[in-house]
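Presented below is the structure to which this report refers.
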Amino acid sequence: MAEEGQQHPLKIYWIMWIALFVLSTFSYATDFMDDGALRTFLILLFMMVKAGGIVWIFMHMGWERPALKIAILGPPVAILVLIGLMALEGEYVEDSRLEHYGESTFEPKAVPHH
């Protein structure tokens with residue numbers, strides 16, 4: 001833990017800056033990939049890693065007390081878990097609806113224009 005008034009070595013910031021540059025290069029390289037799950041996954045992965053590095057080094061989260069880390073990082077993690085659970089539930093609901101009722105044959109009627 002850093003003493004009050006003590007600065008972190010500049011080497012840490014330069015390494016992080018270079019890592020962000022490399023990750024951004026990989027992120028931009030995904031533009032040349034075909035659309036699909038792998039491309040989306042890689043874009044999100046690079047985004048999360050870069051954001052985590054920025055928070056950890058440049059916002060000094062790496063040098064904070066564990067209780068503060070949990071207080072700050074806990075709610076976003078909980079939200080991500082809940083979003084994942086909603087996605088799983090949504091897939092289950094759609095599958096069970098199709099199983100019990102079949103495909104929808106509903107076609108909306110055209111509304112006449114005046």
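Surface calculation, 1.4 Å probe, protein heavy atoms: Asp35 sits at approximately 130 Å² accessible.
A 1.4 Å probe run over the range 38-83, with the rest of the protein chains in place, finds 72 Å² accessible per residue. Size of the chain from its Cα atoms: along the principal axes, largest to smallest, the extents are 71, 38, 37 Å. Rolling a 1.4 Å probe across all protein chains gives Thr25 an accessible area of roughly 70 Å². The portion of the accessible surface of the range 1-85 made up by carbon and sulfur, rounded to a whole percent, is 74 (1.4 Å probe; DNA, RNA and ligands excluded).
The values are calculated or read from the model by the stated rules, or taken from the named source; none is laboratory data. On a predicted model such as this, the values are computed, not experimentally measured, just so you know. Side chains included, ligands, DNA and RNA excluded: accessible areas come from the protein's heavy atoms. Shrake-Rupley method; radii C 1.70, N 1.55, O 1.52, S 1.80 Å.
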